[in-house]
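J.: Please see the structure below; I have some questions.
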Amino acid sequence: MAETKTLPNLETTDIEEKAKRDYKDTLFRYIFKGEDDRSKRWLLSLYNALNDSNYTDINDLKITTIQNALFLTMKDDLSFLIDGEMNLFEHQSTVNPNMPLRGLMYFARLYQSYLAGRKQMLYGSSQVKIPAPKFVVFYNGTTNQEDIIKYRLSDAFEKPTTEGEFEWTATVLNVNANHNPALQKKCKALYDYSNFVANVRKRIADGQERDEAVKAAVDDAINNKLLDGLFEEQKWEIIGLMLAEFDQEIYEKTVREEGRAEGLAKGLVEGAQQKAIEAAINLLKMKLGTVEQIAQAQGLTVEKVQELKTQLEAEKK
């Protein structure tokens, strides 16, 4: 007699188990990366909304996204050519003033690939023409940010310069719900995405468990037919993407907090040592105790106090 196999109930199986796989894309990139015609239409709509243009032919887009470019765990970048422009769009959920440098490094690889594809050389006497660069960062983190922020590479120069002979700019657009409303009104895909993320966060803030909040928000998106039915077609894919994004946000927050804690601890240690040195100098000046006694009293090494004593004696000469 053949063995009867019981199939899992897809509505009761653990959410994280059903959504578990090696997700790399952020949801933003998943929507706009242009891997099929529908995604290209959304990307073209986003480009039109940004530039007040009215392109309608998705074949005008040439996807140029570099594989394994700037990210460590989550892919958040997408690039494309259109009408003589090389565009780089990047999604960020954290505030990052290093975006101009990241963009510069990314565009260097884009241009290298662009020239190689046309077998153009940079060593001739004729000027080589390249597409104009445009770098836009779409921010939807929880830290309050203005609708539009411009980061400039020159802000990172160790030696400030006012000549402006070399500059690279990253334009950061806040795409959280209720930010940049004109942009979101022009691009329904962006509006749907922003409101879906806002729904997830509101549910979590109201006390719902993360996994359940994501699933419930996806169900809401299905009922409201957001993104032309994408949520219904790719329900568990999207749930997996969102869970992976939340895990990544928690990881990055932990790294930043640990870094701040280490910096604070280091600062406290250095501050205490500096106070001990200042106290030792005062005791030496007043000749209150031997080098050994002062070292013991201030928690310094004998060698350090002897060094301070030698410096004081040299200053008197």
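Any read-out appearing in this document is the output of simple, stated calculations on the displayed coordinates, not a laboratory observation. Note that the coordinates shown come from a computational prediction; the quantities given were computed from them, not determined experimentally. In this analysis, Cβ positions are derived from the backbone assuming ideal geometry, glycine residues included, and neighbour counts consider all displayed protein chains.
J.: Just in segment 84-146: which trypsin sites (Lys or Arg not before Pro) are loop by DSSP and have at most 16 other Cβ atoms within 10 Å?
T.: Sites meeting the loop and neighbour criteria: R118, K119, K129.
J.: Would you work out if segment 44-184 is rounded, prolate or oblate? Take a ≥ b ≥ c from the square roots of the eigenvalues of the alpha-carbon gyration tensor; rounded if a/c is under 1.5, else prolate when a/b is larger than b/c, oblate otherwise.
T.: Note, shape of segment 44-184 comes out oblate.
J.: Let me ask another. Filter the cross-link list K33/K150; K185/K235; K188/K215; K134/K188; K134/K215; K185/K215 down to pairs whose alpha-carbon distance in this structure exceeds 31 Å.
T.: K134/K215
J.: Modelling each spin label as a point 7 Å along the Cα-to-Cβ direction, I'd like the L104/N223 distance in nm, to one decimal.
T.: 5.0
J.: When the chain is fully extended, how far beyond the present Cα-Cα distance does D147 get from D83, taking 0.36 nm per residue of separation?
T.: 20.4 nm
J.: Can you figure out the FRET efficiency of K159 with S113, using R₀ = 35 Å and their beta-carbon distance, to the nearest 0.05?
T.: On the way: r = 32 Å, r/R0 = 0.91.
The pair K159/S113 has a calculated efficiency of 0.65.
J.: Okay, moving on. Can you pull the one-decimal nm distance between simple spin-label points at A279 and T169, each 7 Å off the Cα toward Cβ?
T.: That separation, rounded to one decimal, is 5.4 nm.
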